[in-house]
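The values are calculated or read from the model by the stated rules, or taken from the named source; none is laboratory data. Note that this is a predicted model, so its numbers are computed, not measured. Glycine gets a Cβ as well: all are built from the backbone with ideal geometry, and neighbour counts include every protein chain shown.
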Amino acid sequence: MSFCAVLVWALFVLPEHIAFAQEPLVLVLGDSNTEGYGVGAQAAFPARLEAVLQRSGRHVRVENAGVAGDTFAGMTGRVNASVPPGTNVVIVQGGYNDLQSGLPPTQIIENLRALLDAVRSRGVRTVVVCGFFSPEYDTMGRSAAAAYRAAFIPGRDCYDPRNAGPDGLHMSAAGHQVVAARLAGIVQPMLYTGKETRLRERSRLAGMVQPMLYTRKETHLREHSAGSPWPFVSAGASAAIEKIERARSRQRDVLYLR
């Protein structure tokens, strides 16, 4: 392929391909808080996180895999079934049911480590959120997360009394919104792979270089199309631009096939 063909592909074809990249998937493994106990799945933080990310312009799907009563050991047992190939980020939320079962803190942390190891073995980035209820647990959870290069959000962000529902245990709708907002700032950068980051940088450069390739005539036509107060002038300029674009497209196809 000639240098011209490569340049045309990079500037005009590549940005279009980026738009059709696979929709990123974030999966949330958790217990009844993830499931949406007391508020419903649509008001739970996974659904709210998806809405926040999409409002920021990121086309992403957040899947709720919360199961009421689940423990870290239970989540580990269903990693293979719950985390499909191609998942970009897994959020782990839990810990209270482990505590209620009478397990010692060291065993709870070991179970968390096993879960993080199972997720990492699938090549997925991880965020640990909302599972611990005291500074001691936060310290242990943060240490376990760091060992697996996982992000960590302390339990106080989820279990602040101001964010509790009527039962004093599960999160209120406001609490779910707080968690979603915290997660959005952490998850969003994790959705871009190194390859996608490079592609987006090329797309940005294409947007800078592409206008520089316009001829003086085409630049003049574009100015008339955008700024003329007379509709017939704008229409004529737009038609001329479309003719140029069709010719450029044919030329690009010929170059690409060489």
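For the reader, a short list of remarks on this structure follows.
- Restricting attention to region 99-157, the residues that are farther than 19 Å from G77 by Cβ, assigned to a helix (DSSP H, G or I), among the aliphatic types (A, V, I, L, M) and at pLDDT 90 or above total 3.
- Residues of region 53-70 that turn out to be of a type in the set (V, I, T) and at pLDDT 95 or above, as a count: 2
- Scanning region 133-154 for residues that are among the acidic types (D, E) and surrounded by 12 or more Cβ atoms within 10 Å (Cβ to Cβ) yields a single hit, D138.
- T76, sole failed condition from (1) loosely packed, with under 14 Cβ neighbours inside 10 Å; (2) out of contact with any Asp or Glu (no Cβ under 8 Å at 6 or more places or on another chain): (1)
- Criterion (within 25 Å of G185 (Cα to Cα) and in the same structural domain as D70 (by TED's automatic domain parsing)) met by exactly one of L99, L112, L103: L112
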